[in-house]
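Visitor: This structure is in structure tokens; I'll ask about it shortly.
What follows is calculated from the coordinates using simple rules that are stated; it is not laboratory data. Predicted model, so just to flag it, every value in this text is computed and none were measured. So basically every Cβ, Gly included, is an ideal-geometry build from the backbone, and we count neighbours across all protein chains shown.
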Ligand SMILES: Nc1ncnc2c1ncn2[C@@H]1O[C@H](COP(=O)(O)OP(=O)(O)OP(=O)(O)O)[C@@H](O)[C@H]1O
Ligand SMILES: [Mg+2]
């Protein structure tokens, strides 16, 4: 069994509390992504699970067994780091088989296992090469292979793709998803890249300053963020947050009756609207507002418009296709009120 259970897990370095009590269950076979800003405690949490860092309080259970004080090797875990130090003097095959040699497995078993892992990671033709003769993506695959060879029931990844360029990252992301589909191991994956979180995770755990903000499936978090932090973290460009009901004389924002009435009902101080949830008004929509264009970014397939509302608040719009618009032009954009999010003064979503 490879179910991971954290009960009130705490970690402090001296007087500095890095993880407030964390409660989380990762089911067997689940792909869970821990995501959050730099310094929020992602690596520390992973290292506590692996046993590389002692917990300051609480309990870690793996497969139902209390491993809070167990040695790393007793936990059935393999970890892949951002800096995947391969042994430079060893071939790909020797690097992949290293853990098995240390564990004194029979030679025939090691050879067979290395072949199997190399095939899975499409490294079969590179087995005799040294790391220096590999691309960054190939090296990262060897590092994953080295962890994989020992057939760990649980895989921990700490930003394994952050050293790769954008193209390779996208490629490796797909490979990792495929790997998880084929192996079905429990995977806990740390990243600060919200795209990796959205695309890889069965469930995302959003961490902020050592505590969990929200846990849920990617679309669940995208559609129903519980707070402003989560709302602003997932989605690119990020959600727009617009002040409402501030009483700035004569500037109700956004200037749409339906928003004002809903917002008043909800007692929210801010309304959230994702850039992709607007379109250029055809004139028939009830919910629309006018903006003045500041900057246009043409991506070919879509156009990102940085604009200003009538009261001067900035708003970003993600519009489909290519638009012949220029700075200073005014356009009317429409939206579906069902896509609005409301947040109170405390940052919590108001439903
Ligand atoms: N060994 C240590 N001693 C003291 N403080 C530490 C130690 N390791 C980490 N910290 C602190 O704990 C906090 C969390 O660090 P951690 O490495 O877990 O963050 P992270 O979320 O992985 O960040 P990043 O995205 O930058 O990798 C930081 O404030 C960091 O300075
Ligand atoms: Mg880290």
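Visitor: Most fluctuating residue of 11, 42, 104 in a GNM of the chain with Cα springs under 10 Å: which is it?
Guide: 104
Visitor: Tally the DSSP beta bridges in the chain and give the antiparallel ones as a percent, rounded to 5. Display every interim value, and only then the final one.
Guide: Working: 50 of 68 bridges.
In the chain, approximately 75 percent of DSSP beta bridges are antiparallel ones.
Visitor: Between residue 116 and residue 219, what is the FRET efficiency for a Förster distance of 35 Å, r being their Cβ-Cβ separation, to the nearest 0.05? Walk me through the intermediate numbers first.
Guide: On the way: r = 35 Å, r/R0 = 0.99.
The formula returns an efficiency of 0.50 here.
Visitor: Taking Cα centroids, how far is the range 153-228 from the range 27-90 in Å?
Guide: Value for the Cα centre distance between the two parts: 15 Å.
Visitor: So for the range 4-233, averaging the separation of alpha carbon pairs under 8 Å that are six or more residues apart and normalising by length, what relative contact order in percent results? Write down the numbers at each step before the final one.
Guide: Values: 412 pairs, mean separation 65.1, N = 230.
Rounded, it is 28 percent for the range 4-233.
Visitor: May I pose another question? Most mobile of 85, 15, 119 per a Gaussian network model of the chain (Cα springs, under 10 Å)?
Guide: Its mean-square fluctuation being the largest, the pick is 15.
Visitor: Sticking with this structure for a sec: Run the helix sum for the chain: -39,500 (n - 2.57) per DSSP H stretch of 4+ residues, divided by residue count, reported at 222 nm to the nearest 500 deg cm²/dmol.
Guide: Working: 9 runs with 94 residues, N = 351.
Only helices count here, giving -8000 deg cm²/dmol.
Visitor: What residue among 216, 301, 76 shows peak mean-square fluctuation when the chain is described by a Gaussian network model with Cα springs under 10 Å?
Guide: Per the Cα network of the chain with a 10 Å cutoff, 301 tops the list.
Visitor: Quick one: divide the alpha-carbon radius of gyration of the chain by 2.2 N^0.38 Å and tell me what you get.
Guide: Details: Rg = 24.4 Å, N = 351, 2.2 N^0.38 = 20.4 Å.
Against the empirical 2.2 N^0.38 Å value, I get 1.20 for the chain.
Visitor: Right, here's the next one. Rounded, prolate or oblate for the range 83-192? Axes are the square roots of the Cα gyration tensor eigenvalues, ordered a ≥ b ≥ c, and the cut-off for rounded is a/c under 1.5. Working shown, then result.
Guide: Numbers: a/c = 1.73, a/b = 1.27, b/c = 1.37.
Oblate.
Visitor: Right, another one. Any chance you could give the angle, 0 to 90 degrees and rounded to 10, that helix 166-183 forms with the longest Cα principal axis of the chain?
Guide: 60
Visitor: When you count, for each residue, the other Cβ atoms within 10 Å and take the mean per peptide, how do 145-155, 29-39 rank with the highest first? Walk me through the numbers before you get to the answer.
Guide: Details: 145-155: 21.4, 29-39: 19.4.
Descending mean neighbour count gives 145-155, 29-39.
Visitor: Then there's this: By how many degrees, between 0 and 90 and to the nearest 10, does the Cα long axis of helix 136-148 differ from the longest principal axis of the chain?
Guide: On a 0 to 90 degree scale, this one is about 60.
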